[in-house]
1. Checking the structure you have, find out if any residue of the stretch 285-297 is in contact (Cβ under 8 Å) with a residue 60 or more places away in the chain, under 26 Å from W106 (Cα atoms) and not polar (S, T, N, Q).
2. Could you run through the stretch 63-74 and say how many residues are open to solvent by 80 Å² or more (accessible area, probe 1.4 Å) and more than 20 Å from T45 (Cα to Cα)?
3. Could you count how many residues in the stretch 150-159 are surrounded by fewer than 16 Cβ atoms within 10 Å (Cβ to Cβ) and either under 20 Å from the mean Cα position of the chain (by Cα) or hydrophobic (A, V, I, L, M, F, W, C) (or both)?
4. Quick check, is L208 part of a helix (DSSP H, G or I), within 25 Å of T90 (Cα to Cα) and without any contact (Cβ under 8 Å) to a residue 12 or more places away in the chain?
5. With the requirement that a residue be within 16 Å of the chain's Cα centre (by Cα), open to solvent by less than 40 Å² (accessible area, probe 1.4 Å) and at pLDDT below 90, what does the stretch 97-132 give you?
6. Given the conditions (1) in a helix (DSSP H, G or I); (2) in contact with a Gly (Cβ under 8 Å, 6 or more places away or on another chain); (3) farther than 17 Å from L184 by Cα, report the number of the one that L222 does not fulfil.
7. From the list S268, S274, pick out the single residue that is at pLDDT 80 or above, among the small types (G, A, S) and open to solvent by less than 40 Å² (accessible area, probe 1.4 Å).
8. Pick from V167, V87: which is in contact (Cβ under 8 Å) with a residue 60 or more places away in the chain, among the β-branched types (V, I, T), closer than 17 Å to I240 by Cβ and open to solvent by 30 Å² or more (accessible area, probe 1.4 Å)?
Amino acid sequence: MTSEKTLTARARKADKDPYAKSALGFIAPGVIAVAVLLYLPLLWTTFLSFTEYNGLGDPAWIGLANYAEMFDDPEFLGSVLNTLLWVLGTLLVPVGIGLGIALLTWRLPGGVWLRLPFLIPYALSGIGVGVIWSFILGGDGALDQALAAFGVADTPRWLVDAPLNTVVMILATAWQGVGVNALLFTIGLQSIPREPLEAARMDGANGLRLFRSILWPMLRPLTAVVVGLSIVASLKTFDIVQGMTKGGPGRESETLALTMYKETFVNSDYGLGSAIAVFLTIVTLAASILYLRQQLSAKHGV
């Protein structure tokens, strides 16, 4: 009874609040924009995933047939494996190298100028990075010509042989993204209080011991953000693969996002493309939720 009276009193107070309607007026455009641009497309895509639809006419309901076709397709399973390889690679390479650059340039005089060259590629789009590295790694490209000048004639087919093509694309992505990771880790290092660092140095902690005992634990919250963003971005990898190999040769380097694009806009199979989009959305949400729960459990010692 007490809670009901409290809620009633608050409701009456809100009705009398002269600013309540004004607040709703400010909130409404944002709510409408989110509903129109996010939730309605999501619901429409989910509906299409249960239909057969080529973009013309009316969708025909076929139930779970698209999902059954999706999981029976060995090429789709290859896209899943490639996407998992992207997740692992982007965690180990750009995040790891970014942390290393931040640690090496953190207290160096002029360290900001040493980090600047790594930040410049981040201004490029994924397609732009793909074009640059295709010029370098393509058949008889810049790298092959440079190796030939040193007498190395038998070079790998960088963008043809799988999984080598996926590995070099991950390295190209690292070239683009390592700078921003280094910048984020540098911000985290600069926010660490001096007192624990000075106390650790007085106790003789330096180098690896200082990093393991002081720096890494204090960087944990920022590391959680960087790793979380990297996981989500790698699960949605599309542009650089489209720019460098277009998923080839055949479909050997496709990721889930590229498979979704091809099925929808190249093959005009909107039902199957929507099913892949729903699957990718579920995987991304599940990975994000599990990762965040693990981080929160570790933080609170659960």
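1. No: the stretch 285-297 contains no residue that is in contact (Cβ under 8 Å) with a residue 60 or more places away in the chain, under 26 Å from W106 (Cα atoms) and not polar (S, T, N, Q).
2. Selection size over the stretch 63-74: 2.
3. Of the residues in the stretch 150-159, 3 are surrounded by fewer than 16 Cβ atoms within 10 Å (Cβ to Cβ) and either under 20 Å from the mean Cα position of the chain (by Cα) or hydrophobic (A, V, I, L, M, F, W, C) (or both).
4. yes
5. Correct list: G126 only.
6. Among (1) in a helix (DSSP H, G or I); (2) in contact with a Gly (Cβ under 8 Å, 6 or more places away or on another chain); (3) farther than 17 Å from L184 by Cα, the lone unmet condition for L222 is (3).
7. S274
8. So the residue among V167, V87 that is in contact (Cβ under 8 Å) with a residue 60 or more places away in the chain, among the β-branched types (V, I, T), closer than 17 Å to I240 by Cβ and open to solvent by 30 Å² or more (accessible area, probe 1.4 Å) is V167.
The values are calculated or read from the model by the stated rules, or taken from the named source; none is laboratory data. Keep in mind that what you see is a predicted model, and the values were worked out from it rather than measured. Cβ sites come from the backbone with ideal geometry, for glycine too, and all protein chains shown count toward neighbours. Each accessible area value is taken on the protein alone, full model and side chains, heavy atoms only, with ligands, DNA and RNA left out. Shrake-Rupley method; radii C 1.70, N 1.55, O 1.52, S 1.80 Å.
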